[in-house]
1. State the number of residues belonging to the stretch 13-29 that are touching a strand residue (DSSP E or B) at 6+ places or on another chain (Cβ under 8 Å) and closer than 16 Å to residue 325 by Cβ.
2. If residue 146 satisfies all but one of (1) at pLDDT 95 or above; (2) in contact with a helix residue (DSSP H, G or I) (Cβ under 7 Å, 6 or more places away or on another chain); (3) surrounded by 17 or more Cβ atoms within 10 Å (Cβ to Cβ), what's the number of the condition it fails?
3. Quick test of your reading of the structure: residue 17 fulfils all but one of (1) within 19 Å of residue 334 (Cβ to Cβ); (2) in a loop (DSSP other than H, G, I, E, B). Name the failing condition by number.
4. As an exercise: evaluate residue 142 against (1) under 30 Å from residue 69 (Cβ atoms); (2) without any contact (Cβ under 8 Å) to a residue 60 or more places away in the chain and give the number of the one condition it does not meet.
5. I need the strands (runs of 3 or more DSSP E) fully contained in the stretch 209-288, keeping only those with at least 3 residues that are without any contact (Cβ under 8 Å) to a residue 40 or more places away in the chain.
6. Of everything in the stretch 52-92 that's within 15 Å of the ligand (Cβ to nearest atom) and in a strand (DSSP E or B), which residue is surrounded by the most Cβ atoms within 10 Å (Cβ to Cβ)?
7. Every residue in the stretch 294-317 that is surrounded by 16 or more Cβ atoms within 10 Å (Cβ to Cβ) and either more than 16 Å from the ligand (Cβ to nearest atom) or part of a strand (DSSP E or B) (or both), please.
8. Residue 283: in contact with a helix residue (DSSP H, G or I) (Cβ under 9 Å, 6 or more places away or on another chain) and closer than 26 Å to residue 16 by Cβ, yes or no?
Ligand code: DGY
């Protein structure tokens, strides 16, 4: 027996328990699953087979291009398990009138925590230390062993040591959460962002700089900006070369925000003291030259990977897709 009023949401990829069940939601909408990311043509033919599918939940690795919107007029909403929407053609979504939901806010703290974990752990060479400690080769404490830069000083231990500067590129919600966490470190915090936040500057003593100035003046730089056509290779070779000698770079945004090959050159030449990366230009491929650099800490895109955050993201993507399909007041966060 078929229920003519039944509507379905196709869930590509995993959701976090308890939202990982194949089930009928309270609204009567059925969640159906596919085991993973699909090629665009596979996705189109899968959805075409089932006209009851009205929404898609997908992750940031699922490409959703204009063809998807063009070929699938039955789709009313796409709900992306990420804040970043660079996997989706937003202009096409607008053109075909499809709502696009995502998961901002709930992941800002987790991602800011990871940015700091990378900055602290990377610059203080924790991964290298871990490898040494496990290797059986460690000969004990040594004055010159695995030194990294000091972040800041609450006491003036040496008059030659000035205050260090953290430059944050992108002062959205993640960037702001990163900046707020800097307060305990006695760092001078500056930021670059398309929009200026004068009130935040005043409340927290954050300074605004234009991008090139920030690169020239910061000891640590964290990239936390969204990837869009205008931010592709925002840190190109010329900009990377503007960075202070011995500066340290962290990327928790998206890989293509920087020219990865140029970054490797800067690291190999010793211009930058190191980098800690959560995202890569051709994810999940990480170039051999990058993997060979011991001063680089590599993390496999873990920005939002906490139990609580992934659970909240899973709940949100379902709720927002459901609200659109039910024709209710949209709930959740929508880019379109
Ligand atoms: C995002 O939401 O864009 C994150 O990268 C997911 O972890």
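The values are calculated or read from the model by the stated rules, or taken from the named source; none is laboratory data. Please read all numbers here as calculations on a predicted model, not as lab measurements. Ideal geometry is used to build each Cβ from the backbone, glycine not excepted, and the neighbour counts take in all protein chains shown.
1. 4
2. (3)
3. (1)
4. (1)
5. Working: elements: 220-223, 247-251, 272-277.
The strands (runs of 3 or more DSSP E) meeting that bar are 247-251.
6. Residue satisfying both the conditions and the ranking: 78.
7. If the condition is that a residue be surrounded by 16 or more Cβ atoms within 10 Å (Cβ to Cβ) and either more than 16 Å from the ligand (Cβ to nearest atom) or part of a strand (DSSP E or B) (or both), then 295, 296, 297, 298 are the ones that fit.
8. yes
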